[in-house]
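To keep things clear, I will list the structure first and then write my remarks on it.
The values are calculated or read from the model by the stated rules, or taken from the named source; none is laboratory data. Bear in mind the structure is a predicted one, so any value in this text is a computation, not a measurement. Cβ placement follows ideal geometry from the backbone for every residue including glycine, while neighbour counts extend to all protein chains displayed.
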Amino acid sequence: GAVVSQHPSRVICKSGTSVKIECRSLDFQATTMFWYRQFPKQSLMLMATSNEGSKATYEQGVEKDKFLINHASLTLSTLTVTSAHPEDSSFYICSARVRLAGAKIAKNIQYFGAGTRLSVL
Amino acid sequence: GIQVEQSPPDLILQEGANSTLRCNFSDSVNNLQWFHQNPWGQLINLFYIPSGTKQNGRLSATTVATERYSLLYISSSQTTDSGVYFCAAISNFGNEKLTFGTGTRLTIIP
């Protein structure tokens, strides 16, 4: 299946620093990438949707100045947590959507990266 | 938006047992996926199944789109099956965003 690579897998940083997380689709082109956040023992919550070459669309309640998303190419999206604070500590997961060629109706399968565990001290 | 609910929330089984996990959704869907989240957090794609039945080894899934539910079957459970199972769906009337269910935490005891 399609592979989504996410780096780093774990980040520990001091309060006030910025952290960049990379998400790459390795063997396919992803016109749309997604960023999720997951708190312990909870489900995944969508933070934002990014389309190649355009600005990201953020979900309600997600600060776009805090979570900067760049989707510069069809294979790379980045999430930067700016001026991180302890409350930003969480598990961040990226996802890329595959469009199956040839289908009459576009069937969008999403594949997920391994996640980044952010701990802000 | 679409509501996705899973049951049971927790399931503890002996190794070798069979299990059925359920996913109910509130709208008609054009995407329904099942995932296994392992203890390290990785989401592993199990099935893309907006309708019909699929099987992959000891796992199978059935989605009855007209009744708005999907079932994941795990047979002859192994300890490596432990983890959280999520279903996620995209509504036909929504915004093309995958909405996750609340998950089922499965623990397989040796």
Identify, by number, the condition in (1) out of contact with any Gly (no Cβ under 8 Å at 6 or more places or on another chain); (2) outside any loop (DSSP other than H, G, I, E, B); (3) at pLDDT 95 or above that residue B:6 doesn't meet.
(1)
Scan the stretch A:48-99 residue by residue and report those that are part of a strand (DSSP E or B), hydroxyl-bearing (Ser, Thr, Tyr) and touching a Leu at 6+ places or on another chain (Cβ under 7 Å).
A:80, A:90, A:92
Selection status of residue A:98, at pLDDT below 85 and buried (at least 20 other Cβ atoms within 10 Å of the Cβ):
yes
Restricting the stretch B:64-110 to residues that are of a type in the set (Gly, Ala, Ser) and assigned to a strand (DSSP E or B), which is modelled with the lowest pLDDT?
B:91
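Criterion first (buried (at least 16 other Cβ atoms within 10 Å of the Cβ), more than 11 Å from every other protein chain (Cβ to nearest Cβ) and within 11 Å of the chain's Cα centre (by Cα)) does residue B:87 satisfy it? First the steps, then the outcome.
Working: buried (at least 16 other Cβ atoms within 10 Å of the Cβ): yes; more than 11 Å from every other protein chain (Cβ to nearest Cβ): no; within 11 Å of the chain's Cα centre (by Cα): yes.
Against the criterion (buried (at least 16 other Cβ atoms within 10 Å of the Cβ), more than 11 Å from every other protein chain (Cβ to nearest Cβ) and within 11 Å of the chain's Cα centre (by Cα)), residue B:87 does not qualify.
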If we keep just the residues of the stretch B:9-45 that are at pLDDT 95 or above, within 12 Å of chain A (Cβ to nearest Cβ) and within 13 Å of residue B:82 (Cβ to Cβ), which is farthest from the chain's Cα centre (by Cα)?
B:10
From (1) buried (at least 21 other Cβ atoms within 10 Å of the Cβ); (2) within 13 Å of the chain's Cα centre (by Cα), pick out the condition that doesn't hold for residue B:48.
(1)
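Of all residues in the stretch B:90-110, how many are small (Gly, Ala, Ser) and over 13 Å from the mean Cα position of the chain (by Cα)? Talk me through it step by step, then tell me what you get.
Here is the first cut: in the stretch B:90-110, the residues small (Gly, Ala, Ser) are B:91, B:94, B:101, B:103.
Then keep just the ones that are over 13 Å from the mean Cα position of the chain (by Cα); that gives B:91, B:94.
Number satisfying all stated conditions: 2.
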Of the residues in the stretch A:11-47 that are assigned to a strand (DSSP E or B) and within 10 Å of chain B (Cβ to nearest Cβ), the one that is nearest to residue A:81 (Cα to Cα) is A:36
Given the condition modelled with pLDDT under 95, within 14 Å of chain A (Cβ to nearest Cβ), touching a Gly at 6+ places or on another chain (Cβ under 7 Å) and within 19 Å of residue A:110 (Cβ to Cβ), answer yes or no: does some residue in the stretch B:47-63 qualify?
no
Which residues, counting only those in the stretch B:70-84, are without any contact (Cβ under 8 Å) to a residue 60 or more places away in the chain, buried (at least 17 other Cβ atoms within 10 Å of the Cβ) and more than 10 Å from the chain's Cα centre (by Cα)?
B:74, B:81, B:82, B:83
Matching residues in the stretch A:49-66 (modelled with pLDDT of 95 or more and crowded, with 20+ Cβ neighbours inside 10 Å) number 0
